[in-house]
Amino acid sequence: MAYDAFKVVHLFGVILFLGNIIVTAVWNVMADRTGDSRIIAYAQQRLTLTDWIFTAGGAVLLLVGAYGMAAVAGLNLHGPTWLIWGQALFVVSGLIWIIILIPTQIAQARQARAFASGAPIPESYWRHNRRWVVWGVIATLVPLANLYFMVFKP
């Protein structure tokens with residue numbers, strides 16, 4: 001029963017983690033396309049908040065469930081290739097998020113507070129935004145590749 005409980009925690013974490021990553025990208029693109037500084041500022045504020053709650057929260061649940069299942073099942077974390085790839089891809093995704101995406105998003109959130117009242121959006125915001133989009137796509141593809149390894153276990 002413990003294994004199944006950890007599996008539920010893991011799957012819920014995966015849903016929160018991947019779901020928020022994808023929804024965040026969609027909402028960010030939709031807000032940016034309006035060109036309205038107030039909408040973009042509001043979206044930026046909410047995206048930052050939901051990233052902390054759902055992406056980070058999902059990552060924690062994902063890890064608790066994954067390592068809990070491995071412990072209960074007696075899996076060697078350095079054994080099966082799919083498990084090594086899964087851990088490596090999770091670390092890569094986390095590093096991209098910590099080193100690039102969080103600082104970029106914090107810079108965007110600070111700038112967005114300045115133009116939330118309808119002031120013009122500075123070019124530096126759009127520069128940060130392009131960086132966030134490019135690295136965000138990469139940081140989304142990495143967990144999707146991880147999903148492949150976890151489901152098909154090649």
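The values are calculated or read from the model by the stated rules, or taken from the named source; none is laboratory data. In this text the structure is predicted, and so the values were computed from the model without any measurement. Positions of Cβ are generated from backbone atoms using ideal geometry, with glycine treated the same way; all protein chains shown enter the neighbour counts.
Among the criteria (1) surrounded by 15 or more Cβ atoms within 10 Å (Cβ to Cβ); (2) under 30 Å from Gln111 (Cβ atoms); (3) among the basic types (Lys, Arg), the one Lys7 does not fulfil is (2). Gln87 meets the conditions (1) within 17 Å of Leu144 (Cβ to Cβ); (2) in contact with a Phe, Trp or Tyr (Cβ under 9 Å, 6 or more places away or on another chain) in every case but one. The failed one is (2).
In the condition set (1) within 20 Å of Ile138 (Cβ to Cβ); (2) more than 12 Å from the chain's Cα centre (by Cα); (3) free of Cβ contacts under 8 Å to residues at least 40 places away in the same chain; (4) surrounded by 14 or more Cβ atoms within 10 Å (Cβ to Cβ), Phe54 is compliant with all but (2).
Table: residues versus (1) surrounded by 15 or more Cβ atoms within 10 Å (Cβ to Cβ); (2) polar (S, T, N, Q); (3) modelled with pLDDT under 95; (4) out of contact with any helix residue (DSSP H, G or I) (no Cβ under 7 Å at 6 or more places or on another chain).
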{"position": "Gly13", "(1), (2), (3), (4)": "yes, no, no, no"}
{"position": "Leu16", "(1), (2), (3), (4)": "yes, no, no, no"}
{"position": "Thr24", "(1), (2), (3), (4)": "yes, yes, yes, no"}
{"position": "Val29", "(1), (2), (3), (4)": "no, no, yes, yes"}
{"position": "Ile40", "(1), (2), (3), (4)": "yes, no, no, no"}
{"position": "Leu47", "(1), (2), (3), (4)": "yes, no, yes, no"}
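Scoring Ile121 on the criteria (1) assigned to a helix (DSSP H, G or I); (2) modelled with pLDDT of 95 or more; (3) of a type outside the set (Ser, Thr, Tyr) leaves a single failure, condition (1). In the set (1) modelled with pLDDT of 95 or more; (2) closer than 22 Å to Leu144 by Cβ, the condition left unmet by Gln105 is number (1).
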